Amino acid sequence: MGLLELFVIAVGLSMDAFAVSICKGLSVRELKPKHALTVGVYFGGFQMLMPLIGFALGVRFQSFITNIDHWIAFVLLGLIGANMIRESREQDEENLSDSFSFGAMLPLAVATSIDALAVGITFAFLPGTRIVPAVALIGTITFAFSAAGIRLGSVVGLRFKRKAEFAGGGILILLGTKILLEHLGVLG
C-alpha cells in the first residue's frame, strides 16, 4: 500500500472523529486549547490503537482466509463507508455533553474508532503494509482533524458534520473497490 492510499484511508477514517469533534465544539461555551488537545489525543490515540488490534487479529487468521482476503477488504471497507454515508443522511441531531472527562470522552473515542479496527484487519491482508507507520499516520491525521473540528464546531456548527461523514464514507468505499479491482487484475 502506497503513502497516498494510506493518507486517503487515514483521512476517511478521521471523518467520524472530525464530525463528533464539530459537535463537541458546539457544546463548549468557551473553547480553550486544552479542549482541542484532549479531543485530539483521545480520538487520535484510539484511531492508532484500534487498527493495531485489528491487524493483530487479522494476522492471526490470515492463513485461513488468504484466498478471499481481497473480498474481505472490499466488504469491510464498503460496509464501513456505507454506514458512514447512512449516518450522514440521518436527520436526528447529536447532543453531546460539554464534559471532557474520561467518562465522557472514552465512549466517543471508542465509537469513532470501531471502523479503524476493521481497517486494521484489512491491513493484515494487504501485502507490504507496515503497520506502525500506518497507524502513526492515521493517529496524526485524526488528531489534527479532531483538533480542527472542535474549533470549527465552535465557529460554524453542524453545517459540515454531515458532509464530512459522507465524504469519509465515499472514500472508504472507493478504496475497498480499488483493492478488489487490483486483485482481480482489472486495475494495473
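The values are calculated or read from the model by the stated rules, or taken from the named source; none is laboratory data. Computed from a predicted model, the values in this text were never measured in an experiment. Every residue, glycine as well, gets a Cβ built from its backbone with ideal geometry; the counts of neighbours run over all protein chains shown. Ligands, DNA and RNA are excluded from the accessible area calculation, which covers all protein heavy atoms including side chains. Shrake-Rupley method; radii C 1.70, N 1.55, O 1.52, S 1.80 Å.
Which residue is least open to solvent (accessible area, probe 1.4 Å), if the candidates are limited to segment 89-100 and must be within 20 Å of the chain's Cα centre (by Cα) and at pLDDT 70 or above?
The selected residue is Glu90.
So, in segment 59-88, how many residues would count as being open to solvent by 40 Å² or more (accessible area, probe 1.4 Å), closer than 17 Å to Val20 by Cβ and of a type in the set (S, T, N, Q)?
Residues flagged as open to solvent by 40 Å² or more (accessible area, probe 1.4 Å), closer than 17 Å to Val20 by Cβ and of a type in the set (S, T, N, Q) within segment 59-88 amount to 1.
Report, by residue number, each residue of segment 17-58 that is of a type in the set (D, E, K, R), in a helix (DSSP H, G or I) and open to solvent by 20 Å² or more (accessible area, probe 1.4 Å). Step through it out loud before you land on a result.
Residues of segment 17-58 of a type in the set (D, E, K, R): 24, 29-30, 32, 34.
Subsequent filtering for residues that are in a helix (DSSP H, G or I) retains 24, 34.
Lys34, the sole residue that qualifies.
I want to confirm something. Restricting to segment 164-188 and keeping residues that are among the small types (Gly, Ala, Ser) and in contact with a helix residue (DSSP H, G or I) (Cβ under 9 Å, 6 or more places away or on another chain), which single residue is surrounded by the fewest Cβ atoms within 10 Å (Cβ to Cβ)? Don't jump to the end; show me each part of the working.
Quick first cut of segment 164-188, residues among the small types (Gly, Ala, Ser) only: 164, 167-170, 176, 185, 188.
Of the ones still in play, those that are also in contact with a helix residue (DSSP H, G or I) (Cβ under 9 Å, 6 or more places away or on another chain) are 164, 167-170, 176, 188.
Details: Ala164: 23, Ala167: 18, Gly168: 27, Gly169: 26, Gly170: 17, Gly176: 26, Gly188: 5.
Restricting to residues being among the small types (Gly, Ala, Ser) and in contact with a helix residue (DSSP H, G or I) (Cβ under 9 Å, 6 or more places away or on another chain), the top hit is Gly188.
Among the residues that make up segment 160-170, is at least one of them assigned to a helix (DSSP H, G or I), farther than 25 Å from Ile72 by Cα and modelled with pLDDT of 80 or more?
Checked against the condition, which is being assigned to a helix (DSSP H, G or I), farther than 25 Å from Ile72 by Cα and modelled with pLDDT of 80 or more, segment 160-170 yields no hits at all.
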